[in-house]
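The values are calculated or read from the model by the stated rules, or taken from the named source; none is laboratory data. Owing to the predicted nature of the structure, the values given are computational and were not obtained by experimental measurement. Neighbour counts are summed over all protein chains in view; Cβ atoms, including those assigned to glycine, are modelled from backbone coordinates with ideal geometry. Remember, those area values only see protein heavy atoms, side chains included, never the ligands or the DNA or RNA. Shrake-Rupley method; radii C 1.70, N 1.55, O 1.52, S 1.80 Å.
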Amino acid sequence: MAANSAAAAAAAAAPVPGGFTTPFLLVSLNPDGTSLSRPPDVLLPPSSTGPVVSKDVPLDSAAGTSLRIYRPCHHQPEPEQGPRPSLLPLVVFYHGGGFILFSAASAAYHAFCENMAAALPAVVVSVDYRLAPEHRLPAAYDDAVSALRWLRDQAAAAAAESEAEEELLRGVDYSRCFLMGSSSGANIVYHAGLRAVADALRPLQVAGLVYNQPFFGGVERTASELAKENDAVLPLRAADDMWELSLPEGADRDHEFCNPAAKGKGPAVASLPRSLVRGNAGDPLIDRQREFAGTLRAEGVEVVERLTDDGHHAVELFDTVQAQRFFDDVRAFICSTP
């Protein structure tokens, strides 16, 4: 773990204790009916020193969105080597939080992205997207695609050898861009991926999608949801509340944003790139994740499944061994993707 984040991350992402209260049960809708009171969140600034350096850059000032870029220092180009001595894959990361909590600066996700940038290694771009209910879906999807268009412009600047390219992105292989998300972030990967298929993103090329414990739902309960109704991290009532707060007003959990299996999938699904779907048996959403992997495969998408027999929702934020297993899976997926 990067030293400048270790202490705060330990406080934010320690193993789940017996008295743990999930933050998803600590939110409340304000009297105005459109904004949320959230529990305190430990936020960390970007890191200018250490094994991984990071920097915040604005994305859309009107929307209040931004990006946090992470680069492993041992891949910093030396001046005598020119601007692009070796190319690193690019990982665009969307954090979890049920669309209603956390940010790119949240201590657990900041440390996670630092560790991931060093472990893969890769340049990681973490997207600070708008949250619901102040900005209901598809706002987060819109922000996800805005980030890809910003990276498209960076790729064009690199191709033109322009100084307009962001410094921390120099040495990136823009033809090997991977979209990655955890929980609700993995849901964003799916919907951003569908849009990216139809968008003109070249010279940026999305080579693969990584869905870590994707957050999907539906009106009809699955067996795993019923079996883990009172789960310590993601109890069923919290999941229901998050969907109620984030879906378009009046929509139920069979809306396409929540349940991709409920309606016709359309031709774009078959055009999605190679995909890694990860899940853990102790997650109430494991049945949804199995169903999602099967849906992608049935549409002709090349799917790599890593559905383990242990662990719980967001376990990689609580357990360093599980985090390393996650990084190993992602590294293998990236290295095996043409």
Flagged in the range 133-166 as of a type in the set (S, T, N, Q) and out of contact with any strand residue (DSSP E or B) (no Cβ under 7 Å at 6 or more places or on another chain), in numbering order, are Gln154, Ser162
The correct count of residues that are in a helix (DSSP H, G or I), closer than 22 Å to Val53 by Cβ and not aromatic (Phe, Trp, Tyr) in the range 93-151 is 13
Exception for Ala104 within (1) of a type outside the set (Ser, Thr, Tyr); (2) open to solvent by 10 Å² or more (accessible area, probe 1.4 Å); (3) without any contact (Cβ under 8 Å) to a residue 60 or more places away in the chain falls at (2)
Restricting attention to the range 201-252, the residues that are free of Cβ contacts under 8 Å to residues at least 24 places away in the same chain and closer than 28 Å to Val301 by Cβ number exactly 3
query: Within the range 246-268, can one find any residue that is within 26 Å of Val197 (Cα to Cα), modelled with pLDDT of 95 or more and touching a strand residue (DSSP E or B) at 6+ places or on another chain (Cβ under 8 Å)?
result: no
A careful count of residues in the range 207-238 that are open to solvent by less than 40 Å² (accessible area, probe 1.4 Å) and either under 17 Å from Ala192 (Cβ atoms) or touching a Lys or Arg at 6+ places or on another chain (Cβ under 9 Å) (or both) gives 18
Touching a Gly at 6+ places or on another chain (Cβ under 9 Å), open to solvent by less than 10 Å² (accessible area, probe 1.4 Å) and under 15 Å from Ser66 (Cβ atoms) - does that describe any residue in the range 117-127?
yes
The correct count of residues that are in a loop (DSSP other than H, G, I, E, B), open to solvent by 10 Å² or more (accessible area, probe 1.4 Å), at pLDDT 90 or above and not aliphatic (A, V, I, L, M) in the range 284-317 is 4
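Each row is one residue, and each column tells you yes or no for (1) within 19 Å of the chain's Cα centre (by Cα); (2) among the charged types (D, E, K, R); (3) open to solvent by 20 Å² or more (accessible area, probe 1.4 Å).
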{"position": "Trp150", "(1), (2), (3)": "yes, no, yes"}
{"position": "Glu165", "(1), (2), (3)": "no, yes, no"}
{"position": "Asp173", "(1), (2), (3)": "no, yes, yes"}
{"position": "Leu179", "(1), (2), (3)": "yes, no, no"}
{"position": "Ser182", "(1), (2), (3)": "yes, no, no"}
{"position": "Val189", "(1), (2), (3)": "yes, no, no"}
{"position": "Ala192", "(1), (2), (3)": "yes, no, no"}
{"position": "Ala200", "(1), (2), (3)": "no, no, yes"}
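For every residue, the table says whether it meets (1) part of a loop (DSSP other than H, G, I, E, B); (2) under 19 Å from Thr295 (Cβ atoms).
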{"position": "Ala196", "(1), (2)": "no, yes"}
{"position": "Leu226", "(1), (2)": "no, no"}
{"position": "Glu229", "(1), (2)": "yes, no"}
{"position": "Ala232", "(1), (2)": "yes, no"}
{"position": "Met242", "(1), (2)": "no, no"}
{"position": "Phe257", "(1), (2)": "yes, yes"}
Filter the range 12-56 for residues that are under 21 Å from Ala117 (Cα atoms) and at pLDDT below 70; the one that is least open to solvent (accessible area, probe 1.4 Å) is Ala13
